[in-house]
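As structure tokens, the structure follows; a few thoughts come after it.
Derivation of every value follows stated rules applied to the coordinates shown; laboratory data play no part. For clarity, every value in this text was computed on a predicted model and none was experimentally measured. Methodologically, a virtual Cβ is constructed for each residue, glycine included, from the backbone with ideal geometry; neighbour enumeration extends over all protein chains shown.
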Amino acid sequence: MLYFYLRNILNFFSMITLIQKYRLEVAAGICGAAVMVFELLGSRVMSPYVGTSTYAWTSLIGVVLASLSLGYFLGGRLADRKPHIEFLAGIILGSAVTVSIMLLLKDSVSAIAATLPVMLEIKTLVLAVILFAPSSVLFGMVTPYAVRLRMESVAHAGQTAGNLYALSTIGSITGTFFAGFYLIPYWGTTFGLLALALVLVCATALLLGKAIFRAHFLLPTILVLILLSLNLFFAPTAYAFMVDTDTEYSRVLIFETQDPYTSKPIRGLMMDPYGTQAAIFTDGTDDLVFEYAKFYRLVDYFFPQPNHALLIGGSVYTYPHDFLKQFPAATMDVVEIDSGVTDLAREYFGLTDNSRLTIFHEDGRMFLNREEGKYDAIFIDAFNSGSSVPFQLTTREAIQHVHNMLNPKGIVMVNIISAITGEQGMFLRAQYTTYSEFFPHVYVFQVDSEKKSDETQNLILVALTGDFVPTFISSDFETQRRLQLLWRLPIEKDLPVLTDDFAPVEYYRRKAL
């Protein structure tokens with residue numbers, strides 16, 4: 001037994017000695033991982049304020065790459081002038097400080113950037129520079145500095161540089177998978193950034209050993225710990241949320257407020273600054289909060305008493321509940337890509353198990369590609385965020401699948417946020433043209449009759465497979481009120497059909513917003 005303990009103690013000290021021997025390599029790997037963890041967490045920091053569109057990702061990736069390039073340049077020059085490990089440790093500790101400050105200020109800065117009177121591309125670029133450039137520059141300085149310190153002879157310069165950059169890249173790969181598969185879904189944004197800052201402090205301690213207790217290193221370390229403590233207990237946020245959490249696909253915010261139309265209390269869910277994506281009444285009112293969702297009730301006018309329906313984009317499942325209440329004998333399949341949102345729907349929005357409701361957690365396009373079932377009605381209400389639509393659900397190839405999955409005289413209803421005319425209506429007109437390739441009758445309803453045709457608004461696109469030509473007259477008051485909101489003027493087909501190869505949906509959506 002004594003031999004067993006002695007052997008474990010010796011193994012532990014051997015491992016510590018080995019880490020100390022290769023501390024530069026370990027530091028390079030840690031900082032390589034930090035870059036990708038920081039970048040992936042950055043997308044969650046930005047999403048509630050500027051969305052998750054291609055523009056947001058472009059600004060984030062571009063700023064991080066530009067900052068890394070600047071860091072490589074500065075790190076190489078500084079290493080030649082001051083080739084001391086204490087300076088490298090100071091750089092890593094500095095990155096821990098900047099990450100901690102960013103974590104403390106992220107929501108306040110993001111809220112201010114989101115209100116800038118400029119187009120979305122500029123908002124995302126400004127936000128990325130302010131929040132992510134300082135730390136990324138410092139991350140970029142680490143590897144060239146480590147190469148200079150490890151350099152023993154010019155004869156092995158290439159091998160030394162190659163080894164350290166390879167380790168940094170391996171760290172980046174590891175950080176990517178760790179952040180995407182584990183850190184973000186299970187820890188969330190705030191705790192992920194907290195952990196990142198603490199790991200950077202540990203990397204500093206590894207390089208310095210006992211020297212970390214010197215005043216010029218100890219004081220910044222204490223500053224990091226103070227900032228992280230403030231984040232845990234007093235971090236200011238732009239809004240007061242009852243839930244701020246991360247799922248596999250989104251940063252989700254849940255809050256309680258008052259419905260501006262009915263003045264009733266509601267609980268809402270949002271994933272970006274462009275509006276509330278889902279809501280329920282909290283006073284016991286068993287009705288849909290949003291008017292656009294009530295337009296789905298027109299399905300009974302176009303296809304009386306549907307038996308089997310499909311909804312792509314479940315969110316918190318308010319419409320499935322309404323559909324099953326409206327049609328007591330019907331069943332509905334719901335495709336919701338984010339199982340985390342489904343869990344939140346169960347916990348905060350009253351979703352319960354129902355034998356007539358079947359939930360599929362997968363991408364809507366993947367479901368369309370493989371499913372061979374037939375439906376009387378298909379509803380599409382899928383958004384990556386308020387500013388971003390999954391382009392793969394808008395194309396000719398996807399709509400052909402939708403058409404093939406409908407029974408004769410079947411109907412598809414699509415929630416679209418767009419204008420009808422002008423530049424802001426490009427997305428609606430592209431969708432109208434694409435649906436018209438497969439459906440003989442395509443109609444558009446304005447949810448808000450007070451909106452002008454060139455103003456962005458909720459629109460409901462209705463496409464019918466059969467020869468039925470509706471009169472748009474009903475004896476039911478609510479049905480007739482909504483039927484009267486049919487857009488009766490011609491819709492221009494001035495844009496090309498959307499395809500998997502060419503679908504500039506982000507560009508059209510930017511025009512709409």
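Things worth noting here:
- Set against the 2.2 N^0.38 Å expectation for a compact globular protein, the stretch 23-98 has a Cα radius of gyration ratio of 1.29.
- The value of relative contact order for the chain, using C-alpha pairs under 8 Å at least six residues apart, is 13 percent.
- The stretch 347-430, dipole about Cα centre (Lys/Arg Cβ +1, Asp/Glu Cβ -1), debye to the nearest 20: 340
- The trypsin sites (Lys or Arg not before Pro) of the stretch 397-486 that meet both conditions, a loop assignment by DSSP and at most 15 other Cβ atoms within 10 Å of the site Cβ, are Lys451, Lys452.
- Annotation for the stretch 140-224: trypsin sites (Lys or Arg not before Pro) lying in DSSP loop with at most 13 further Cβ atoms inside 10 Å of their Cβ are Arg214.
- Each of Ser229 and Ser263 was given a label point 7 Å from its Cα along the Cα-to-Cβ line. The distance between the two points is 4.8 nm.
- Bins of 5 Å, starting at 0 and running to the largest distance - Cα pair percent for the stretch 106-226: 2, 8, 12, 16, 17, 17, 13, 8, 4, 2, 1, 0
- Approximate spin-label separation Gln400-Leu105, in nm, with each point projected 7 Å along Cα-to-Cβ: 5.3
- Unit charges at the beta carbon, dipole of the chain: most positive-side option, Leu498, Thr318, Ile399: Leu498
- Here Met366 and Arg214 are evaluated by their C-beta separation; at R0 = 51 Å the FRET efficiency comes out at 0.35.
- Each Lys and Arg contributes +1 and each Asp and Glu -1, all at the Cβ; summed about the Cα centre of the stretch 2-233, the dipole is approximately 460 debye.
- The chain - Debye-derived log10 I(q)/I(0), Cα point model, q = 0.06, 0.09 Å⁻¹: -0.37, -0.73
- The stretch 286-512: C-alpha gyration tensor shape, a/c 1.5 cut-off, then a/b vs b/c: rounded
- Cα-based convex hull, the stretch 302-375, per residue volume (Å³, whole number): 89
- Charge context of Leu485, other residues only, Cβ under 15 angstrom, K/R +1, D/E -1: +1
- The chymotrypsin sites (Phe, Trp or Tyr not before Pro) of the stretch 251-325 that DSSP puts in a loop, and whose beta carbon has at most 15 other beta carbons within 10 Å, are Tyr261.
- Secondary structure note: in the chain, about 60% of the DSSP beta bridges are antiparallel.
- Lysines whose Cα lies under 25 Å from that of Lys264, excluding same-chain neighbours fewer than 8 positions away: Lys294, Lys325, Lys451
- Shown for the stretch 170-221 is the translational diffusion coefficient from the Stokes-Einstein equation, using the Kirkwood radius over Cα pairs, a temperature of 10 °C and a viscosity of 1.306 mPa s: 127 µm²/s.
- Candidate aspartates and glutamates for bridging to Lys493, where Cα separation is under 15 Å - those fewer than 8 sequence places away on the same chain excluded: Glu423, Glu437
- Relative contact order of the stretch 286-512: 20 percent, from C-alpha pairs under 8 Å at least 6 residues apart in sequence.
- If you sort the three axes of the alpha carbon gyration tensor as a ≥ b ≥ c, you get a/c of 1.5 or more for the stretch 417-513 and a/b no higher than b/c, which makes it oblate.
- The angle separating the long axis of helix 85-114 from the principal Cα axis of greatest extent in the chain is about 20 degrees.
- Note on the stretch 67-177: Cα-Cα pairs beyond 16 Å make up 66% of the total pair count.
- For the stretch 2-233, the Cα-based Rg and Dmax, in that order, read 18.7, 72 Å.
- Angle between the chain longest axis and helix 339-348 axis [Cα atoms, degrees, rounded to 10]: 70
- Taking other residues whose beta carbon is less than 11 angstrom from the beta carbon of Ser388, and scoring Lys, Arg as +1 and Asp, Glu as -1, yields 0.
- To the nearest ten degrees, helix 184-208 and the longest principal axis of the Cα atoms of the chain are 10 degrees apart.
- Rounded to the nearest 500, the 222 nm mean residue ellipticity of the chain from helices alone is -17500 deg cm²/dmol, with -39,500 (n - 2.57) taken per DSSP H run of at least 4 residues.
- Percent of beta bridges antiparallel (DSSP, the stretch 286-512, rounded to nearest 5): 45
- Surrounding net charge for Val469, when Lys and Arg each add one and Asp and Glu each subtract one, Cβ distance under 15 Å: +1
- With Cα atoms defining each centre, the stretch 255-286 and the stretch 186-225 are spaced 41 Å apart in the structure.
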